[in-house]
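The values are calculated or read from the model by the stated rules, or taken from the named source; none is laboratory data. If you're wondering where the values come from, they're calculated on a predicted model, not measured in any experiment. Cβ: placed from backbone, ideal geometry, glycine included. Neighbour counts: every protein chain shown.
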Amino acid sequence: MPVKYDVVALGNAIMDVIAPVDDAFLVKHDIPKARTNLIDEARAELLYHALPANRIETSGGSAGNSIAGLRSLGGSGAFMGKVADDTIGANYVADMRRIGVDFFGSPLKGGLTTARSMIAVTPDGERSMNTFLGASTEFAASDVDAQAVSSAEWLYLEGYLFDKPAAKTAFVHASEVAKSANRKVAITMSDVFCVERHRESFVHLVRTHCDLVFANEEELLTLYQTQDFDAAVNQIRNDSQIAAITRSSKGSVIVSGSDTWVAPVTSAPVVDATGAGDQYAAGVLYGITHGLSLQESARLGNLCAGEVISHIGPRPAVNLRELAMAAGLKV
């Protein structure tokens, strides 16, 4: 089958609601700082109305944000996720299609409503995410569009989706479809709590189904239960063909086989860290699918992450392709 997409992403279809707050807001509403907190629908409603009126609402979810970044660079992408048959779900799908991303997934009728995440951003740029997963958790193997997966150069799996057995089965099924079509598979660890919940399953998936792993330093250390970064890097080097690890102000590291490349951080003021890892993945995936070296791909990923942390919101505020060209990067 000919390649139609650079990347097809499989993840949580979540409407993001983002607003700047002070630390007192977190204390008042008992929100753990700089973490992803899973909440129920009632708390989602409470926090939605508690957030300031200058909030931003956009179709999101980690993998969805990465595909949006890929499109901004000029790449082609599609997204698979589960929304409900409601207004929020319809808005989510319409927003993805508006930016040129094909959406695959039949809406859930009855039951849970479309997922949403209340993201509180404090003055230091940290984001505290309060996520009602809703209909997104009902994604199952039957929702995987095998033709779309087979027509993508890469399948990109979002670790956040791993919280239900049906989703785990969908991950494995989608990966097997990709492999049978001689395609590549990437996964993002998503969040340190996510890694803690599914560590053994993640290790198994990385070793048996994945060609590229995205993680930040804390997630990588948690995955291998060590505080030694070099030891964790050597372990992921053995388990995956490629690993891309972000280290905040230290930039990022990409390893492949015995090779290691360090890409310096792109200097940028941190207004909102939401989406930094997602846009880093977008840059790396674009680079890999467009003939860039791993080192160049990491530099592009850092540039994309640097852009998104400079403003409120998890998606680029400028055209990333133009930004990369102005910075002298090959796109």
(request) Would you mind finding the one in Ile245, Ile236 that is touching a Leu at 6+ places or on another chain (Cβ under 7 Å) and within 18 Å of Ala305 (Cα to Cα)? (result) Ile245
(message) Regarding region 280-292, can at least one residue be identified that is part of a loop (DSSP other than H, G, I, E, B) and either surrounded by fewer than 16 Cβ atoms within 10 Å (Cβ to Cβ) or in contact with a strand residue (DSSP E or B) (Cβ under 8 Å, 6 or more places away or on another chain) (or both)?
(response) yes
(request) Please work out which one of (1) modelled with pLDDT under 90; (2) over 27 Å from Glu307 (Cβ atoms) is the condition Gly257 fails and give its number. (result) (1)
(request) Specify the residue that is modelled with the lowest pLDDT; the eligible residues are those in region 308-331 that are under 20 Å from Ile254 (Cα atoms) and surrounded by fewer than 23 Cβ atoms within 10 Å (Cβ to Cβ). (result) Lys330
(message) Can you tell me which condition Ala174 does not meet? The list is (1) touching a Phe, Trp or Tyr at 6+ places or on another chain (Cβ under 6 Å); (2) surrounded by 24 or more Cβ atoms within 10 Å (Cβ to Cβ), and all the others hold.
(response) (1)
(request) Give region 171-186 a look and list any residue that's of a type outside the set (Asp, Glu) and either more than 19 Å from Ser62 (Cβ to Cβ) or free of Cβ contacts under 8 Å to residues at least 60 places away in the same chain (or both), or say none. (result) Val172, His173, Ser175, Val177, Ala178, Lys179, Ser180, Ala181, Asn182, Arg183, Lys184, Val185
(request) Working carefully through the options Asp228, Asp211, find the one that is buried (at least 17 other Cβ atoms within 10 Å of the Cβ) and over 14 Å from the mean Cα position of the chain (by Cα). (result) Asp211
(request) Look at Val270 and say whether it is buried (at least 18 other Cβ atoms within 10 Å of the Cβ), touching a residue at least 40 places away in the same chain (Cβ under 8 Å) and touching a Gly at 6+ places or on another chain (Cβ under 6 Å). (result) no
(message) Condition first: in contact with a Cys (Cβ under 9 Å, 6 or more places away or on another chain), surrounded by fewer than 21 Cβ atoms within 10 Å (Cβ to Cβ) and assigned to a helix (DSSP H, G or I). Can you find one or more residues in region 232-244 that meet it?
(response) yes
(request) Have a look at Ser201, Ser190, Ser180, Ser248 and point out the one that is within 23 Å of Gly275 (Cα to Cα) and surrounded by fewer than 18 Cβ atoms within 10 Å (Cβ to Cβ). (result) Ser248
(message) Return the pair list, or none, for Cβ contacts closer than 6 Å from residues in region 298-321 that are more than 20 Å from Arg55 (Cα to Cα) to residues that are modelled with pLDDT under 95 and among the polar types (S, T, N, Q), at least 6 apart or on different chains.
(response) Ala298/Ser252; Asn302/Ser252; Asn302/Thr266; Leu303/Thr266; Gly306/Thr266
(message) Please list, ordered by residue number, the strands (runs of 3 or more DSSP E) wholly in region 1-107 having 3 or more residues that are surrounded by 20 or more Cβ atoms within 10 Å (Cβ to Cβ), on the phi < 0 side of the Ramachandran plot and of a type in the set (A, V, I, L, M, F, W, C).
(response) 5-10, 14-20, 77-80
(message) Can you tell me which of (1) under 15 Å from Asn12 (Cα atoms); (2) touching a residue at least 60 places away in the same chain (Cβ under 8 Å); (3) charged (D, E, K, R) is the one Asp145 doesn't meet?
(response) (1)
